[in-house]
1. Take the residues in the range 82-133 that are among the small types (Gly, Ala, Ser) and touching a Lys or Arg at 6+ places or on another chain (Cβ under 7 Å); name whichever of them is nearest to Leu62 (Cα to Cα).
2. Restricting the first residue to the range 119-131 and requiring it to be in the same structural domain as Arg154 (by TED's automatic domain parsing), which pairs with a second residue that is outside any helix (DSSP H, G or I) meet a Cβ separation below 7 Å and a spacing of at least six or different chains?
3. So Asn14 ticks every box in (1) more than 16 Å from the chain's Cα centre (by Cα); (2) surrounded by fewer than 19 Cβ atoms within 10 Å (Cβ to Cβ); (3) in contact (Cβ under 8 Å) with a residue 12 or more places away in the chain but one. Which box is left unticked?
4. Tell me which of these Gln64 doesn't satisfy, since it passes every other one: (1) out of contact with any Ser or Thr (no Cβ under 9 Å at 6 or more places or on another chain); (2) closer than 30 Å to Glu156 by Cα.
5. I'd like to verify a number: residues in the range 100-146 that are of a type in the set (S, T, N, Q) and closer than 18 Å to Asp79 by Cα, how many?
6. Do the conditions hold for Tyr50, that is, is it hydroxyl-bearing (Ser, Thr, Tyr) and assigned by TED's automatic domain parsing to the domain that holds Asn14?
7. Criterion first (among the acidic types (Asp, Glu), crowded, with 16+ Cβ neighbours inside 10 Å, modelled with pLDDT of 95 or more and out of contact with any His (no Cβ under 6 Å at 6 or more places or on another chain)) does Asp57 satisfy it?
Amino acid sequence: MSDSTAQDYILQGNAAISAGKIRAARRAFKKALSLEPENPAAWDGLGWTYYMEGKNDKARTLIQRAIDLAPDFAEAYTDLGCVMQDLGTFDRAEKLHKKALELDPSRQDAHFNLGHLYLHMQRHSDAAEMFLKAIQCDPARPESYLLLGETKLRMEDYDSACTVLRTYLRMNPDSIEADLLLTHAEFERSRS
């Protein structure tokens, strides 16, 4: 079988991940690996299916295999960074996300994931910077706006929080979470 067939399965697996169909994604990545056992994208995708189920030790092993096969594969580094964050290894997670950005500074997901890590670590200025970079890489991805709004709210920058959250709500008008954050930001702004 040709390379493109394995690539077709990888594309199917990625589409299934986007649709939240973990089992279908896992089957597709395993089919890709049966055709091309050394394919780092298939190992990374397979690992991500386990991450989605909270099976972080299994995910770590599989995604590390992708990195071992392709040390310049930026996506695998940020994916492994997410796993390490969930495992509570924040220093390692930060290094992995930064490695992804060193390899590919335009990776929206690496900026976003690093911002999410910094938000969790309460490094709000760093988080805001990463979410802004994620927005610059891909302004159409709403999750960066939501977390930037939450970060600005935690920084007590209520004007910016309101602006960013309104932008998010234009993209995602049914978000109860964003409505609540915006209401909180507007209330705090009116008090200051």
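1. Initial filter on the range 82-133 (among the small types (Gly, Ala, Ser)): 88, 93, 100, 106, 110, 115, 125, 127-128.
From what is left, the residues that are touching a Lys or Arg at 6+ places or on another chain (Cβ under 7 Å) are 100, 128.
Details: Ala100: 17, Ala128: 31 Å.
Filtering the range 82-133 for residues that are among the small types (Gly, Ala, Ser) and touching a Lys or Arg at 6+ places or on another chain (Cβ under 7 Å), the one nearest to Leu62 (Cα to Cα) comes out as Ala100.
2. Correct list of pairs: His124/Met155; Ala128/Met155.
3. (1)
4. (2)
5. Total meeting the criteria: 4.
6. Numbers: hydroxyl-bearing (Ser, Thr, Tyr): yes; assigned by TED's automatic domain parsing to the domain that holds Asn14: yes.
Taking the combined requirement at face value, the residue satisfies it.
7. Details: among the acidic types (Asp, Glu): yes; crowded, with 16+ Cβ neighbours inside 10 Å: no; modelled with pLDDT of 95 or more: yes; out of contact with any His (no Cβ under 6 Å at 6 or more places or on another chain): yes.
No: the conditions fail for Asp57.
The values are calculated or read from the model by the stated rules, or taken from the named source; none is laboratory data. A quick note: this is a predicted structure, and the numbers were derived from the prediction, not measured. With ideal geometry, Cβ positions are generated from the backbone for all residues, glycine too; neighbour counts draw on all protein chains shown.
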